[in-house]
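To start, the structure itself, in structure tokens.
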Amino acid sequence: MVLEAKKINKHFRKPVDFHVLKDIDLNIKNGEFVSIMGKSGCGKSTLLYILSTMDTDYEGELFIKGQKISGKTRDELSYIRNKHIGFVFQFHYLLSEFTVLENVMLPAKKLGEKSLKEIEADAMEKLRILDIEGIAYNKASNISGGQKQRVAIARALINNPSIIMGDEPTGNLDSHNAQNVFSIFKKLSVEQGLSLLIVTHDLDFAKKTDRIVEMLDGRIIS
Amino acid sequence: MNTNLLLGIAKAHLLTKIKQTLIAALGVTFGIGSYITLVSFMTGLNEMLDSLILNQTPHIHVYNEIEPSESQPIANYSDFENSMNVVKSIKPKFSQTKIHNALPLIDKLNADKRVRGALPQLNIQLFYISGSIELVGNLKGIDIMKEVDLFNFGDYIIEGAAKDLENTNSGIFLGSGVAEKMSLKVGDRIQVSTVKGGVFPLKIVGIFQSGVADLDDIQSYANLSTVQRISGVPNNYITDINVKLYDIENAPSMAKSIAYQNKLKAVDIATANAQFETGTTIRNLITYAVSVTLLIVAGFGIYNILNMLIYEKMNDIAILKATGFSGKDVQFIFLSQAMIIGIIGGLLGLLVGFLLSSLIDGIPFETEALPTIKTYPVNFDVWYYIIGISFALVSTFFAGYLPSLKARRIDPVEIIRGQ
Ligand SMILES: Nc1ncnc2c1ncn2[C@@H]1O[C@H](COP(=O)(O)OP(=O)(O)OP(=O)(O)O)[C@@H](O)[C@H]1O
Ligand SMILES: [Mg+2]
């Protein structure tokens, strides 16, 4: 089991008390490709922020690779995110001062487990998997939206995480690029046995994943 | 590795805002540069003025003052012990200004470990006579070579040399004012007549200038033995003893005990020159007030640019945190930016300060009061440079601390959700 969530509950207290997540139980097996669907405002993003350890204000228990995450300090959580979780956002946040290659290398440098040479080789390898090694030395601000999202995926992959999470990673792309990103995920899942948890509004996309988790008003309904 | 990585990010941010970064750094440069310049110049002046005072003023001046006795005979009369006695028109008893037992006292002082030297002087009043001109004046009999050694007398000799006086039996160093009034120069002869009468010819071997016109218009120096001879007094007749100590701090207490033990007047330098201490303090105060003000202004510049950077790099901060950088890492990035600005600005400030002080050091500054000084006095103490750079680092640290703390606390979820 890569990820286990037990009885996750979350309230927003401002402006009024709002019970946004209700008794969420969710398990992701090793190598499983899971999509989350649900109406806008049902709490998908909120859940993903909790699962990715960025949000610590919740009740319930969270395990990543069998390790209990809830209650850890911020610094410990930073390390866990760095090592075990790759995150892909709807908007492709890259550091615009750096090149594509440097952006991809950044989390690995932070992790500090490998030499600079190895990290660079790894980063080039990830760029090759995503078919964008040609723009490795471009400034991150000078590439197209589709390319940016692939760079973001390469960055999420750099530390060989246990799980990739994505919050509508194709939501901001045209159908061609969206299709492209999806096939990349599928390929990673099949060829590398990567676990993925992707929030999406695209039913066609979701149908091709191993399992669809459907949410309604803060609950998982199927 | 981690530090290099964070510094790399910090550097990249600063380079995108190179103009603002430079302006912020220049603010620090300005503050530190003015501090170095001001403090070097001010302390240079202070030191010059202090040494002016310390060099030529004895730490303790011992003399015998003619004054009415503090206790009147009636006080010793037990019958009137508890009554109020009124004694009108008290006059000092006639006595000599001579210091009683001066030579043993000088020997005793010279034997004291705290004393660098105790020099005898004989001060007399006389008339300078040259042709038909007669001028009232003062003649001091001194031990010239020791005066040069202990009280930097040589700094004030503008013509002639100390040795000349020592080697000339009836030589005299004339005050520059006296020489000018009487149109006398080195090599000329002058006649002096003492108050008791008697005219003595003396040879002018040098001219001195203390810078105080009132003094230079009347004062002259000769060898102690010469003055004793023309006043017709024995060679133990001494009116003043000037004492120089190793540590000026001892002056007040020593002066007190000398006065008490020998029933003499003994004035210490701290009491005599209290106002100089005040001047020094005020000059230091001005220096630090100006520098701190400039640094506070520079601090606001740094505070500003950091806030701007953090605002603009909100997304970067969110992504860094999302990919595993801790709050501390992010704080380090922004704090190091402040410190980079501080170090660059501070070092430039030291350089600017050094160049400006060197410039001032080269400006001619000639004054009658200080014949040995040719340019403005500047103090190139390396301590001020150390203080200056520490100043820059501390003030930029404080300026950067609050913004960096803000960056540390930014919640990535809030930023990502906000998109
Ligand atoms: N900071 C907040 N304070 C209060 N309520 C919030 C806050 N953030 C989100 N919400 C509310 O929580 C609910 C869930 O939001 P969330 O962003 O998780 O929805 P979502 O399922 O991701 O929607 P979408 O598909 O539009 O992205 C929404 O009703 C939203 O208005
Ligand atoms: Mg959402």
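The values are calculated or read from the model by the stated rules, or taken from the named source; none is laboratory data. Keep in mind that this is a model prediction, so the values were computed, not measured. Cβ: placed from backbone, ideal geometry, glycine included. Neighbour counts: every protein chain shown. Keep in mind that these areas ignore ligands, DNA and RNA; they rest on the heavy atoms of the full protein, side chains included. Shrake-Rupley method; radii C 1.70, N 1.55, O 1.52, S 1.80 Å.
When only the heavy atoms of the protein chains count and the probe is 1.4 Å, how do B:293, A:200 rank by accessible area, highest first?
B:293, A:200
Which of the GluC sites (Glu not before Pro) found in the stretch A:74-135 are in a DSSP loop and have at most 15 neighbouring Cβ atoms, other than their own, within 10 Å?
A:113
What FRET efficiency would be calculated for the residue pair residue A:139, residue A:217, taking the C-beta separation as r and a Förster radius of 45 Å, to the nearest 0.05?
0.55
How would you classify the stretch A:1-99 from its alpha-carbon gyration tensor, with a ≥ b ≥ c the square roots of the eigenvalues: rounded for a/c under 1.5, else prolate if a/b is greater than b/c, otherwise oblate?
rounded
Anything over 23 Å Cα to Cα? Flag those among B:19/B:313; A:83/B:11; A:109/B:328; A:72/B:321; A:22/A:68, in the order listed.
Flagged as over cut-off: A:83/B:11.
Can you list the residues, at least 5 places off or on another chain, whose amide H is less than 5 Å from the amide H of residue B:208, using H built in the peptide plane?
Residues meeting the amide H criterion: B:158, B:174, B:175, B:176.
Take peptide A:78-89, look around each residue's Cβ out to 10 angstrom, count Cβ atoms belonging to other protein chains, and average those counts.
Per-residue shielding by partner chains comes out at 4.
Given H placed on each backbone N at 1.01 Å, which residues far from residue A:3 in sequence or on other chains put an amide H within less than 5 Å of it?
The answer is A:28, A:65.
Residues of the stretch A:93-134 losing 30 Å² or more of accessible surface, assembly versus chain alone, probe 1.4 Å, please list them.
A:93, A:95, A:97, A:98, A:106, A:109, A:110
Of A:184, B:178, B:38, which is farthest along the charge dipole of the protein assembly as shown in the positive direction, counting Lys and Arg as +1 and Asp and Glu as -1 at C-beta?
Selected residue: A:184.
Using only Cα atoms, tell me the angle between helix B:251-262 and the longest principal axis of chain B; keep it within 0 to 90° and round to the nearest 10.
20 degrees
Hey, what do the phi angles of the stretch B:169-175 turn into as Karplus ³J(HN,Hα) couplings, whole Hz, using 6.51/-1.76/1.60 and θ = phi - 60°, x for Gly and Pro?
Per-residue couplings from phi come out as 4, 10, x, 8, 9, 8, x Hz.
Residue by residue through the stretch B:81-90, what is 3J(HN,Hα) from phi via Karplus (6.51 cos²θ - 1.76 cosθ + 1.60, θ = phi - 60°)? Round to whole Hz and write x for glycine and proline.
4, 9, 10, 8, 9, 10, 10, 9, 6, 6
What quantity of accessible surface, computed with a 1.4 Å probe and excluding non-protein components, is buried in total between chains A and B, in Å² to the nearest 100?
In total, chains A and B hide about 2300 Å² from solvent.
Which value, in Å², gives the accessible area per residue of the protein assembly as shown when a 1.4 Å probe is used on the protein heavy atoms?
Heavy-atom accessible area per residue stands at 49 Å².
Of the peptides B:329-341, B:125-137, how do they stack up when ordered by the mean number of other Cβ atoms within 10 Å, highest first?
Highest mean packing first, the order is B:329-341, B:125-137.
Using the Kirkwood radius over Cα pairs, work out the Stokes-Einstein diffusion coefficient for the stretch B:71-225 at 20 °C and 1.002 mPa s, in µm²/s as a whole number.
D, rounded to a whole number, is 118 µm²/s.
Suppose R0 equals 56 Å; then what is the FRET efficiency for residue B:281 and residue B:4 from their Cβ-Cβ distance, rounded to the nearest 0.05?
Step by step, r from the Cβ atoms, then E = 0.75.
Give the distance, in whole Å, between the Cα centre of the stretch B:18-51 and the Cα centre of the stretch B:294-332.
Going from one Cα centre to the other spans 28 Å.
Computed on alpha carbon atoms, what radius of gyration and Dmax characterise the stretch B:217-372, expressed in Å?
Spelled out, the Cα radius of gyration and Dmax of the stretch B:217-372 are 31.1, 101 Å.
Per residue of B:312-321, what is the mean number of Cβ atoms on other protein chains within 10 angstrom of that residue's Cβ?
The per-residue average across the peptide is 4.
For the protein assembly as shown, what percent of Cα pairs sit more than 32 Å apart?
Value for the protein assembly as shown (Cα pairs over 32 Å): 67 percent.
DSSP H helices in chain A with Cα extent of 30 Å or more along the helix axis and mean Kyte-Doolittle hydropathy at least 1.6?
Qualifying helices: none.
Quick one: Karplus J couplings for the stretch A:7-12, per residue in order, coefficients 6.51, -1.76, 1.60, θ = phi - 60°, nearest Hz, x for Gly and Pro?
6, 7, 10, 9, 10, 8
How far apart, in nm, are the 7 Å Cα→Cβ label points at residue A:70 and residue A:114?
Calculated label separation equals 3.5 nm.
Any chance you could run the full-extension gain for residue B:250 through residue B:89? It's 0.36 nm times the residue separation minus the Cα-Cα distance, nm to one decimal.
Computed gain between residue B:250 and residue B:89 is 54.1 nm.
Rounded to the nearest 10 degrees, what's the angle between the helix B:327-362 long axis and the longest principal axis of chain B, both from Cα atoms, 0 to 90?
30 degrees
Given a 1.4 angstrom probe, I'd like the percentage of the accessible area of the stretch B:232-312 that is carbon and sulfur, rounded to a whole number.
Carbon and sulfur: 62 percent of the exposed surface of the stretch B:232-312.
Can you give the calculated 222 nm mean residue ellipticity of the protein assembly as shown, where each DSSP H run of n ≥ 4 adds -39,500 (n - 2.57) and the sum is split over every residue, rounded to the nearest 500 deg cm²/dmol?
It lands at -15500 deg cm²/dmol.
Please list, short to long, the whole-number percent of alpha-carbon pairs of chain A in consecutive 10 angstrom bins beginning at zero.
All Cα pairs considered, the percentages come to 8, 33, 36, 19, 3, 0.
Could you give the length gained by full extension between residue B:47 and residue B:215, i.e. 0.36 nm per residue of separation minus their alpha carbon distance, to one decimal place?
Contour length minus Cα-Cα distance gives 58.2 nm.
Step through the table entries B:140/B:181; B:98/B:244; A:6/A:186, compare each Cα-Cα distance with 23 Å, and write down the pairs that go over it.
A:6/A:186
Compute the FRET efficiency between residue B:72 and residue B:270 as 1/(1 + (r/R0)^6), taking r as their Cβ-Cβ distance and R0 = 25 Å, and round to the nearest 0.05.
Using R0 = 25 Å, I get an efficiency of 0.20.
Pop out the carbon and sulfur fraction of the accessible area of the stretch B:115-197 as a percent, whole number, probe 1.4 Å.
Exposed carbon and sulfur together represent 45 percent of the surface.
Taking amide hydrogens as modeled 1.01 Å from N in the peptide plane, which residues meet the under 5 Å criterion relative to residue B:117, leaving out close sequence neighbours?
B:244
Can you pull out the trypsin sites (Lys or Arg not before Pro) in the stretch B:230-318 that DSSP calls coil and that have at most 15 other Cβ atoms within 10 Å?
B:263
Is the shape of the stretch B:158-201 rounded, prolate or oblate, going by the alpha carbon gyration tensor and its root eigenvalues a ≥ b ≥ c, with a/c under 1.5 for rounded and a/b larger than b/c for prolate?
Oblate, because a/c is 1.5 or more while a/b does not exceed b/c.
Between helix B:102-111 and chain B, what is the angle of the helix's C-alpha long axis to the longest principal axis, kept within 0 to 90° and rounded to the nearest 10?
30 degrees
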